[in-house]
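To keep things clear, I will list the structure first and then write my remarks on it.
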Amino acid sequence: MKLLEERILRDGVVKPGNVLKVDNFLNHQLDVRFLDEVGKEFYRLFSDVRVDKIMTIETSGIAVAMAAARYFDVPVVFAKKTQSLNIDGEVYKTKIHSFTHNRTYDVIMSGKYLHKDEHILIIDDFLANGCAAEGLISLICDAGAKVEGVGIVIEKGHQEGGKRLRERGIRLESLAIVDAMNAETGEITFREQ
Ligand code: 5GP
């Protein structure tokens, strides 16, 4: 997505530790009009599949999942990283290692919002090693629902997540793939798509 690549080049900051900061439009301040374009693009890419619900993980996936859900006209459900006493009934659980915080979270999802035979599209802001996406896939499989695909705003192609998901036969659509980035020069190289 050209618009996204231009925005990353304009506003993205490469940090040591292989982290790309896009705080002024995606991860802290939200450019709602821009996110709407992102949502529209996910709708275009996944228009050939049945999507009953969009699933993401708190916090940074929520805004982009909502932008896409407006176009699909389906609900968004997000997996929670903290134990919540307010969830009763059946609960699906998994563990996800966070790349940016370097810690492992217990992640939970109420069985009330994830049903057998539902067709789910996973949406997230970044794909690095793929732990978040794989955790969401395992929650969906535990519920007996079907993963239709994974939509990512920024895939870091030099990390393993994309390769792992594609090798598993999961349909993955990334709006921008960063193949290299340099924290010293700030240079960012995109994969031709
Ligand atoms: P993964 O689970 O694929 O290793 O990492 C994906 C998650 O980590 C995303 O949900 C995102 O929140 C966060 N993340 C991974 N890499 C980056 C990055 O370079 N920049 C930002 N802002 N978040 C990242």
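Computed from the coordinates by the stated procedures, all read-outs in this text should not be read as laboratory data. Note that the coordinates shown come from a computational prediction; the quantities given were computed from them, not determined experimentally. FYI the Cβ positions are ideal-geometry reconstructions off the backbone, even for glycines, and counts take in every protein chain you see.
Side notes on the structure shown:
- Residue that is nearest to the ligand (Cβ to nearest atom) [pool: residues in segment 126-146 that are of a type in the set (A, V, I, L, M, F, W, C) and under 15 Å from Lys112 (Cβ atoms)]: Leu139
- For segment 15-36, the tally of residues that are touching a residue at least 24 places away in the same chain (Cβ under 8 Å) and under 16 Å from the mean Cα position of the chain (by Cα) stands at 8.
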